[in-house]
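Here's the structure, in structure tokens; my notes come after.
The values are calculated or read from the model by the stated rules, or taken from the named source; none is laboratory data. Values in this document were obtained by computation on a predicted structure and should not be read as measured data. Cβ placement follows ideal geometry from the backbone for every residue including glycine, while neighbour counts extend to all protein chains displayed.
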Amino acid sequence: MFLLLQNVATVSVFYLHWNMWSSGPLTSAATLTTRSIQNSFGLFMQTICGFCSGTLFSYILFYWIFQEDEVFTFNFNLIVTHKGKEVTYALNKTCSPSLPWSPREVTCEVNYMEVSVRSDVACPTGTKEDDWDALFKTAYASATSDWQVMFQSVQQELMPISLKTAKKHGYAFDLTDGRLVFRAPYGQPDSFSTEVNGVPVEVVHATLFSRHSWVLIMVDLVAACSMHKGSYDNIGYIMWETPDVLHLLSGLQRMQVNIGVNGELVEQPVAEERGYIVKQHNSTVEISIPYNAEGGYRKSIVSGNLYEFYIFHLYLEQIAVDEDHVDTRLRIHRTLATPLLTRPVFTENRTVPEERTFTVYLGDVPEDVELAAVHLNGQKFTVPFTNTSSHNITKVVSPNHTHGYTLRCLLRTLLLDINYTLTVLPENEPFYQLASVMALTDASPPPFDAVCSESGISFKLDHQPIYYLWEISIGSELLTSELATKHGYVMSNNSQRLLLEVPLFTHGYKYKDITLKGFFGTFELLMRDHETEVQNSIVKTCQFSATELIVCSADGRITVVADLPSVITSEGVPARTNLVDKNCGPKEMDSTRALFSFPINSCGSTVKLGKEYVTYENEIFFSNKLHAPADSSNDFDRVTMQCTYPLAGLLSVYRFESDTAGVGRIVHSAHSTQGWWFTC
């Protein structure tokens with residue numbers, strides 16, 4: 001909030017800048033502190049901020065002391081009442097005009113017009129200058145002065161009124177050491193509006209007169225001001241217009257225009273550097289100022305989203321010289337404001353996945369906006385921020401009167417949802433900036449090295465920071481040290497690498513092309529990005545050999561290689577070898593081993609049901625006697641085969657369907673040792 005006070009002789013503009021934007025009604029009063037009361041004037045000001053959440057009203061009754069129109073001193077207290085509390089501001093200002101007074105000075109202030117003229121004009125009656133001044137002062141100071149004023153309007157003249165009556169109507173007439181001053185608020189009934197070159201102009205025309213005997217003394221006082229409201233174009237300029245020749249400035253010989261802000265003119269090179277544009281077009285002075293040019297004020301405001309507006313206290317000076325070579329100086333003070341402009345802030349993903357840290361920059365934050373809190377994937381962090389090893393927030397100041405915040409947090413997930421809570425000061429009005437940031441990777445799975453050995457398959461992975469985002473599993477089970485212990489794997493996992501040794505015949509192997517000479521075993525590691533659900537696998541197949549093995553497949557087939565001593569008789573003929581069903585013989589035999597492969601519900605297999613498991617069992621009968629009777633069990637040795645499946649995964653007992661492979665076991669009779677458990 002600001003208030004504009006200008007002394008009676010337009011020496012300078014006196015600003016009061018409020019450091020806070022009002023959030024509620026505010027009233028104020030002023031108490032005089034100077035002892036010498038020579039002149040007074042009441043001035044009512046209202047906030048120019050049309051977008052603020054409250055209204056600020058101030059009535060300033062101020063007094064001045066002047067010395068020969070060259071030194072002006074102001075002393076007063078401003079008592080502000082806000083929410084029932086009074087605050088007193090002691091204000092004073094002493095200033096002098098930077099240039100000599102022009103014969104006529106016209107001022108168009110924010111809420112009033114003023115014209116002042118020299119009082120040392122020549123008297124047509126021949127009255128001496130000192131007598132003229134004395135007469136004028138005596139008439140002005142007298143309570144029964146016969147001085148009167150008559151206001152002129154378009155095509156009509158109003159009846160004369162006394163100066164006392166004019167003062168009650170809000171007008172002010174004053175006489176300094178050398179100037180006569182007339183001041184009028186805008187919108188008075190006695191003023192009138194017109195258009196000059198399409199620009200609205202308000203004019204007040206007063207004639208001050210006094211009659212003494214046969215001599216009539218008259219002073220013509222005219223003030224005219226452009227009432228153009230200003231506009232805003234689509235390329236970022238605030239524009240304002242005024243006629244180059246106002247109502248009172250007829251018969252001009254030449255015109256000079258200077259521009260400034262906040263009551264002070266700026267040199268032409270400075271104005272050009274700031275982007276101020278002053279041009280004359282069709283007898284109109286056109287002012288264009290970039291919305292964010294130096295010399296203005298900006299303010300953030302929340303209306304759903306973040307907006308801003310800019311305010312310029314334009315100061316324009318026109319110096320006109322008429323045909324009599326008399327100068328008229330026109331000073332114009334106008335407050336120009338942009339409409340609400342969107343004010344987006346931005347987020348920038350600066351994450352480098354190899355650093356294993358999210359780095360996100362929130363930028364272009366206005367200087368009257370502060371970060372209050374941050375939600376990271378739903379977890380709230382409020383100010384003041386306590387930087388920890390897992391996250392920290394750093395404020396970054398930019399040279400263009402903005403700032404930003406750099407957020408860093410450990411990359412525990414590929415996606416980070418951020419909700420910034422920012423507040424506009426001093427109202428502490430919140431608004432929110434949302435961002436979702438993904439760690440950009442090529443989504444490539446970890447590159448395992450796999451090596452075959454006689455005893456199994458070994459996997460090795462050299463760790464990289466991004467690999468921790470991938471989950472490694474065997475089947476549906478996540479690979480952990482507990483899982484490795486459960487299934488007999490040998491695992492070593494440190495900060496450098498992961499080593500996994502998978503012994504043959506442990507859980508997770510798949511077997512194919514089984515013969516007496518050997519078979520192929522395949523082991524698969526599954527990898528899944530738990531954020532993007534991207535899946536991949538590393539599959540390693542190796543050729544193995546084994547004296548014995550049993551495979552209980554999920555599709556209900558038993559494949560077994562059994563060690564059967566003396567399968568070949570002394571005569572070199574294969575011994576009698578079969579399953580429980582004598583018609584089920586081996587697929588392949590050598591001197592000591594036999595290979596059988598048959599459906600699990602065939603060849604005389606029996607089924608044993610438990611509480612949680614079902615076991616399919618069959619037997620291999622063999623004899624080294626060439627002509628052993630088929631019904632004489634005493635002449636046969638036997639090897640028992642068992643395949644056990646969990647009941648929970650078995651869909652049908654007699655028409656085999658299982659969602660998991662079974663666990664196999666070979667049991668030799670008393671003539672041989674016990675075999676192995678194998679999982680397929």
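Listing for the model above:
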item	result
Top-ranked residue of region 351-361 - restricted to ones that are assigned to a strand (DSSP E or B) and touching a residue at least 60 places away in the same chain (Cβ under 8 Å), ranked as surrounded by the fewest Cβ atoms within 10 Å (Cβ to Cβ)	360
Candidates 122, 139, 134 - the one that is closer than 22 Å to residue 328 by Cβ, modelled with pLDDT under 50 and among the aliphatic types (A, V, I, L, M)	122
Boolean, residue 577 is of a type in the set (Ser, Thr, Tyr), closer than 27 Å to residue 636 by Cβ and modelled with pLDDT under 90	yes
Top-ranked residue of region 160-185 - restricted to ones that are buried (at least 19 other Cβ atoms within 10 Å of the Cβ) and of a type in the set (D, E, K, R), ranked as farthest from residue 149 (Cα to Cα)	179
From 431, 381, 448, residue being modelled with pLDDT of 90 or more and either surrounded by 13 or more Cβ atoms within 10 Å (Cβ to Cβ) or touching a helix residue (DSSP H, G or I) at 6+ places or on another chain (Cβ under 7 Å) (or both)	431
Identity of the residue in region 620-649, under 60 Å from the mean Cα position of the chain (by Cα) and surrounded by fewer than 17 Cβ atoms within 10 Å (Cβ to Cβ), that ends up modelled with the lowest pLDDT	649
Per-region count, region 578-619, residues touching a Ser or Thr at 6+ places or on another chain (Cβ under 6 Å) and either assigned to a loop (DSSP other than H, G, I, E, B) or not assigned by TED's automatic domain parsing to the domain that holds residue 657 (or both)	2
Any strands (runs of 3 or more DSSP E) falling wholly within region 263-336 and containing at least 2 residues that are basic (Lys, Arg) and outside the structural domain of residue 422 (by TED's automatic domain parsing)	297-303
Test: residue in region 244-257 that is of a type in the set (S, T, N, Q), assigned to a strand (DSSP E or B) and either at pLDDT 85 or above or assigned by TED's automatic domain parsing to the domain that holds residue 153 (or both)	no
Residue 370 being outside the structural domain of residue 429 (by TED's automatic domain parsing) and under 29 Å from residue 293 (Cβ atoms)	no
Any hit, region 362-371, residues being in a loop (DSSP other than H, G, I, E, B) and at pLDDT below 90	no
Residue in region 384-404 that is surrounded by the most Cβ atoms within 10 Å (Cβ to Cβ), counting only those that are touching a Gly at 6+ places or on another chain (Cβ under 7 Å) and either of a type in the set (Asp, Glu) or not in a loop (DSSP other than H, G, I, E, B) (or both)	404
Cβ pairs under 7 Å, 6+ apart, first in region 101-114 and over 23 Å from residue 71 (Cβ atoms), second modelled with pLDDT under 90	110/4; 111/45
Count of residues meeting criterion [assigned to a loop (DSSP other than H, G, I, E, B) and either acidic (Asp, Glu) or at pLDDT 90 or above (or both)] in region 485-504	3
Hey, residue 516 closer than 18 Å to residue 447 by Cβ and touching a strand residue (DSSP E or B) at 6+ places or on another chain (Cβ under 7 Å) or not	no
When residues of region 181-195 are limited to those that are more than 47 Å from the chain's Cα centre (by Cα) and small (Gly, Ala, Ser), the one farthest from residue 159 (Cα to Cα)	193
